[in-house]
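Only one structure is covered here, and it is reproduced in the block below.
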Amino acid sequence: MSRITLTAPKPARVIARRRNGAPRRVEISAQEVEAAFRLLQRLPSPEARQLREKLEALLRPVCCWASSRTGRYSSYPAWGPCGVFVNAPNQRCVEHQWPLTDGVPDPFPQRCTVTLDEELEDSRWVKYSAGLRCPFKRRVGSERCAHHDPRESELCGCPVGDGATCTTPEGVLACDTHRWVRRADLESELEELPLTTACGYCNAASGESCTNKNGLPVACHKKRVNALQGSPERQELADTIEWLRL
């Protein structure tokens, strides 16, 4: 049986100095810091205790889980490494212990049970998830969320040619392929919404542009725009646009 040979720590070295020649920054191996920490445990003084606490926080291990999928146009992981503090080396945080082993209770019983993979091609999933388990809530009567267990009415539905329609689920996030066009159309519709009412400033009728004192067309007057503030039509458009921005 072959023996494991530990790599000797690199010698400490100064990596930056002050103008007076004194060291400013020093690079020192973790093994030497651990040795200093053990020696400080023997000293009862308050100064030693404070230094011990600083070194203990410095030596605390972290979860190093990272996605096996690389990011789009990159060789780096699509998500990670994690970096959440854990109690021991090689330990994973609660988020990255998924999938759970038999007998381990689910720490997030309301969350979708899907393990993410190709979803990480979309930067929104990288942003809203921890890269491993779907972050969204299960839908009623299912172990999956609205994205991973969609209904017919929750699909994108935009035409893609030959009479077919896009089948990307939109129960949680909008279709990344078509949301930009839809957002531009809805923003234009929101800008033109005041034209559906009469202007109380220049007396322009519904469907007509506002005019100045010389009778020339101008942008909708503020009074006309404010008349629709809080209306269900405007609020619905604003909410949909905000959802498409996610």
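How many Å² of accessible area per residue for the chain, probe 1.4 Å?
Result: 71 Å² per residue.
Which one of Y128, Y76, Y201 has the biggest mean-square fluctuation once the chain is modelled by GNM with Cα springs under 10 Å?
Result: Y201 has the largest fluctuation of those listed.
How far is it, in nm, from the label point at N20 to the one at R151 when both lie 7 Å from their Cα along the line to the Cβ?
For the pair N20/R151, the computed spacing is 7.4 nm.
In what order, largest first, do S206, S129, S45, S75 sit by accessible area if the probe radius is 1.4 Å?
The most accessible residue leads, giving S75, S206, S45, S129.
Expressed as a whole percentage, what fraction of the accessible surface of the chain belongs to carbon and sulfur atoms when a 1.4 Å probe is rolled over the protein heavy atoms?
52 percent
Select from A30, A130, A184 the residue whose mean-square fluctuation is largest in a Gaussian network model of the chain (Cα-Cα springs shorter than 10 Å).
Among A30, A130, A184, the largest GNM mean-square fluctuation belongs to A30.
Per the helix-only calculation at 222 nm, which mean residue ellipticity applies to the chain, given -39500 (n - 2.57) for every DSSP H run of n ≥ 4 and division by its residues, nearest 500 deg cm²/dmol?
Numbers: 6 runs with 64 residues, N = 246.
Taking each H run of at least 4 residues, the total per residue is -8000 deg cm²/dmol.
Between S231 and R245, what is the label-to-label distance in nm when each label sits 7 Å out along the Cα-to-Cβ direction?
2.1 nm
With unit charges on the beta carbons (Lys and Arg positive, Asp and Glu negative) and the dipole taken about the Cα centre of the chain, which residue among Q97, V160, G141 sits farthest to the positive side?
So the residue furthest toward the plus end is Q97.
What size of dipole, in debye to the nearest 20, comes out for the chain about its Cα centre when the only charges are +1 on Lys and Arg C-beta atoms and -1 on Asp and Glu C-beta atoms? Let's see the in-between values first.
Details: 35 positive and 31 negative charges, 426 e Å.
With only Lys, Arg, Asp and Glu charged at Cβ, the dipole is about 2040 debye.
Which whole-angstrom value gives the distance between the alpha carbon centres of the stretch 33-61 and the stretch 195-215?
Going from one Cα centre to the other spans 75 Å.
Could you work out which residue, out of L39, L193, L100, moves most in a Gaussian network model of the chain, that is, has the largest mean-square fluctuation with Cα springs under 10 Å?
Comparing L39, L193, L100 in a Gaussian network model of the chain, the most mobile one is L39.
Which label marks the calculated value of Rg/Rh (Cα atoms, Kirkwood Rh), given the options (1) 1.12; (2) 1.20; (3) 0.97?
Label (2) holds the value from this structure.
With label points built 7 Å along Cα→Cβ from the Cα atoms of D106 and L58, find their separation and express it in nm.
If labels sit at D106 and L58, their model points lie 4.3 nm apart.
Using a 1.4 angstrom probe on the protein heavy atoms only, line up D176, D185, D162 by accessible area, largest first.
The ordering from most to least exposed comes out as D162, D185, D176.
The values are calculated or read from the model by the stated rules, or taken from the named source; none is laboratory data. Fair warning: this is a prediction, and the values are worked out from it, not measured in the lab. Please note: Cβ atoms are built from the backbone with ideal geometry, for glycine as well, and neighbour counts cover all protein chains shown. Side chains are part of the model used for accessible areas, which takes the heavy atoms of the whole protein and leaves out ligands, DNA and RNA. Shrake-Rupley method; radii C 1.70, N 1.55, O 1.52, S 1.80 Å.
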